[in-house]
1. Pull up all non-local amide H partners of residue 52: gap of 5 or more, or a different chain, and H-to-H distance under 5 Å with H placed in the peptide plane.
2. So between residue 69 and residue 30, what do we pick up on full extension, going 0.36 nm a residue minus the alpha carbon distance?
3. With the crude spin-label approximation of a point 7 Å out along Cα→Cβ, what separation in nm comes out for residue 47 versus residue 116?
4. Going by average Cβ density within 10 Å per residue, which order do the peptides 33-44, 70-81, 104-115 take, highest to lowest?
5. Collect residues whose amide H, placed 1.01 Å from N in the peptide plane, falls under 5 Å from the amide H of residue 122; neighbours closer than 5 in sequence don't count.
6. Determine the gain in length on full extension of the stretch residue 57-residue 83; use 0.36 nm per residue of separation and subtract their C-alpha separation, reporting nm with one decimal.
7. Using modelled backbone amide H atoms (1.01 Å from N, in-plane), which distant-in-sequence or interchain residues come within less than 5 Å of residue 66's amide H?
Amino acid sequence: HCRGLGRRRSRNHFNDDRAKTFDVEMNGTEAAANFVKRLPLSQPFENFGKLERITYLKPALDTGKDALAASPKRGDLAYYIPWGNLCVFLIGGNAPSDDLVILRHMGEEALAALEKSGTSRVELREKK
């Protein structure tokens, strides 16, 4: 269901004392391609219970016409259509949702850094 868009690489940068960057691979959906067009993006994430870290996008992300039913796994970066937020799942195993669009998967090192970022801004940018 990649619709010929191919995979694109992007980078996460966490503004802490070590200022690390982490490569993550976007999936080939229209939503992921539209998200990449917004990069670079720098904003704080907040906890949403113990399940995920979230941040809100303004304006809403165009998710395209790809099938949307998705069951998130730990490390998935997704867009939740009703609230207009990006979410990174800390715990997987949720029921599938037609309102959730998976954009990419983050590795464990990037996920651990995001979990520890607190209220610091997280920079998302396309890898050059």
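Read-outs throughout are calculated quantities, based only on the coordinates presented, and are distinct from any laboratory measurement. Quick caveat, the model's predicted, so the values are computed rather than measured. Every residue, glycine among them, receives a Cβ derived from its backbone with ideal geometry; neighbour counts consider all protein chains shown.
1. 90
2. 12.6 nm is the gain from fully extending residue 69 to residue 30.
3. About 1.6 nm separates the two model spin labels.
4. Details: 33-44: 14.9, 70-81: 19.4, 104-115: 17.3.
Descending mean neighbour count gives 70-81, 104-115, 33-44.
5. Under 5 Å from the amide H of residue 122 lie the amide H atoms of 43, 45, each far enough along the sequence or on another chain.
6. Details: separation 26, 0.36 × 26 = 9.36 nm, distance 0.91 nm.
Stretched out fully, the residue 57 to residue 83 stretch lengthens by 8.4 nm.
7. Distant-sequence amide H within range of residue 66: 30, 31.
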